[in-house]
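The values are calculated or read from the model by the stated rules, or taken from the named source; none is laboratory data. Just so it is clear, the model here is predicted, and its values are computed rather than measured. Cβ sites come from the backbone with ideal geometry, for glycine too, and all protein chains shown count toward neighbours. Remember, those area values only see protein heavy atoms, side chains included, never the ligands or the DNA or RNA. Shrake-Rupley method; radii C 1.70, N 1.55, O 1.52, S 1.80 Å.
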Amino acid sequence: MMDRPIRLDQEVPLGAAQAADRRVLPQNSTSRTERLLIFTAIVILPLQNHFPAVAGMSILFLVFGALAAYVILSRPRSLQKTWCHPVFIAAYAFIGVSTLLEYSSPLPRYDEIFRFGQMLVGMVCVATLCRDRSALEAGLYGYIVAALWLAVYLFMTSYGVIQGMGEASTFNQASKVRAAAFADQALQANINGVAFICTQGGVTAFALALSSRSSYHRVLLLGIATFCLVASFLPMSRGAAVGGLVSVGAVLYAMEVKHGRALIFVMIFGLGMYMLVPDAVWSRMTYSTETRNGKLEGRAWIYTTALNRLPEYILAGVGAGNYNQKWGFEKGFGKSHGGVLVVYGAHNAFLQILMFWGMLGLLSFLWILWCVYRSIPLQCARDELSLALLGIIVSLGVYLFLTHGFYEKSFALGVGVLVGARQWIWPTGIVSAIEVNRGPSGA
């Protein structure tokens with residue numbers, strides 16, 4: 001299935017492209033129920049921490065449970081063909097390696113591994129359901145709808161506050177503006193995660209707009225993309241800003257945007273975003289390792305502490321339980337939060353895994369990412385759906401550098417949709433030249 005490394009701009013012989021064009025078999029076509037399940041899971045992603053837990057389970061966990069029950073009862077054959085995909089095999093190996101290393105560490109705790117396993121189950125279920133273009137469209141438009149309602153919420157609750165506080169000239173002043181703007185937010189969600197969801201929806205709409213053959217559809221999607229990407233700046237998340245820039249760049253690179261008309265289109269799009277983003281936001285788009293008022297900037301403090309302790313964990317790690325219960329406190333990762341001393345995460349999935357389980361754990365995690373990379377189909381610019389999917393996967397890749405939650409449900413949805421599309425829609429790993437940009441099928 002994956003016989004060579006891929007390049008987004010790699011040329012493919014016409015015969016291979018034609019061979020990739022396979023009709024969806026009747027038993028592989030999805031029902032409205034399956035498309036609705038994928039769409040719903042993505043749309044309610046920002047609400048996973050907003051509603052009270054039911055028997056200790058979040059609303060999205062219950063949705064994943066419904067996905068698993070449906071797949072096991074209604075699609076056992078599709079599940080059998082999906083669960084052995086190389087991405088999942090690499091994930092099983094990661095669970096085994098991390099479990100053995102955690103068992104050998106002092107104060108073992110398996111919460112993070114268990115959460116990763118839950119995420120993996122959701123990922124397999126999503127991949128099993130995403131078996132045709134209609135299901136993939138449902139997932140992509142789910143990202144757009146999720147970003148759209150979040151963007152409306154952010155504009156209604158924070159845009160006026162940020163604009164009213166005027167220009168912030170330093171990082172600290174901008175951080176105070178951010179704290180004031182989101183002090184009384186009704187939505188119980190991580191604001192950095194909210195910004196990334198807006199980024200994913202905006203990039204999806206942008207990719208679909210570039211590939212659309214309908215002028216009305218293109219203008220509508222471009223307006224949605226601009227609205228969502230501007231909203232992604234309102235939480236003043238540097239990671240979301242970088243993620244949006246890199247994802248849009250990946251989409252443009254895949255399309256080989258070289259023509260003057262396309263470049264003018266992109267310049268107008270970027271200029272419009274710059275004019276709409278409040279001035280105070282740009283003051284926080286910096287990173288410094290300098291000490292200010294006797295303190296380092298948050299991420300600089302964590303990365304500096306981790307680098308100083310590198311010889312202590314690089315080989316076999318210290319264990320997740322040991323890190324959170326003892327080692328983290330002793331080595332300087334503890335900090336007062338609300339009057340309580342807590343251990344802070346690394347804000348970087350790779351660094352966090354390295355501290356938990358050393359190089360062996362990190363290498364097994366990188367194997368998963370390599371398999372995900374190899375699952376991106378060749379010639380993805382030929383199809384607006386594969387192009388939008390590329391933008392989502394790239395944004396998730398950037399997100400790994402900014403969160404220590406390598407088990408977050410957003411990875412289950414994004415990677416699950418990718419694996420399903422590769423397994424069922426483009427099984428040879430090549431986007432067909434015969435069905436180039438056919439447009440939405442009305443999912």
Looking at the range 198-215, can you tell me whether even one residue there is more than 12 Å from the chain's Cα centre (by Cα), open to solvent by 20 Å² or more (accessible area, probe 1.4 Å), at pLDDT below 90 and of a type in the set (A, V, I, L, M, F, W, C)?
yes
Subset of the range 400-413, residues in a helix (DSSP H, G or I) and open to solvent by 10 Å² or more (accessible area, probe 1.4 Å), comes to Lys409, Ser410, Phe411
Per the filter on the range 83-120, residues within 24 Å of the chain's Cα centre (by Cα) and over 18 Å from Trp367 (Cα atoms) are Tyr110, Asp111, Glu112, Phe114, Arg115, Gln118
Go through the range 56-104 and count every residue that is out of contact with any Gly (no Cβ under 9 Å at 6 or more places or on another chain), of a type in the set (Val, Ile, Thr) and open to solvent by 40 Å² or more (accessible area, probe 1.4 Å).
4
Looking only at the range 126-137, which residues are open to solvent by less than 10 Å² (accessible area, probe 1.4 Å) and in a helix (DSSP H, G or I)?
Val126, Ala127, Thr128, Leu129, Ala135, Leu136, Glu137
When residues of the range 191-225 are filtered for being touching a Pro at 6+ places or on another chain (Cβ under 9 Å) and part of a loop (DSSP other than H, G, I, E, B), how many remain?
1
Residues in the range 387-399: is at least one open to solvent by 40 Å² or more (accessible area, probe 1.4 Å) and not aromatic (Phe, Trp, Tyr)?
no
Is it true that Gly345 is open to solvent by less than 60 Å² (accessible area, probe 1.4 Å) and either at pLDDT below 85 or farther than 22 Å from Phe401 by Cβ (or both)?
no
Return the residues of the range 348-386 that are open to solvent by less than 30 Å² (accessible area, probe 1.4 Å) and among the aromatic types (Phe, Trp, Tyr); say none if nothing qualifies.
Phe356, Trp357, Phe365
Among the numbered conditions (1) in a helix (DSSP H, G or I); (2) at pLDDT below 95; (3) open to solvent by less than 10 Å² (accessible area, probe 1.4 Å), tell me where Gly416 comes up short.
(2)
Just for the range 279-333: of the residues that are over 26 Å from the mean Cα position of the chain (by Cα) and among the acidic types (Asp, Glu), which one is modelled with the highest pLDDT?
Glu312
Can you name the residue in the range 109-125 that is of a type in the set (Phe, Trp, Tyr) and assigned to a helix (DSSP H, G or I) and is also nearest to Phe411 (Cα to Cα) among such residues?
Phe116
Boolean, Val152 is surrounded by fewer than 24 Cβ atoms within 10 Å (Cβ to Cβ) and part of a helix (DSSP H, G or I):
yes
Filter result for Ile191 (at pLDDT 85 or above and in contact with a Phe, Trp or Tyr (Cβ under 9 Å, 6 or more places away or on another chain)):
no
Selection status of Leu362, under 24 Å from Leu100 (Cα atoms) and free of Cβ contacts under 8 Å to residues at least 12 places away in the same chain:
no
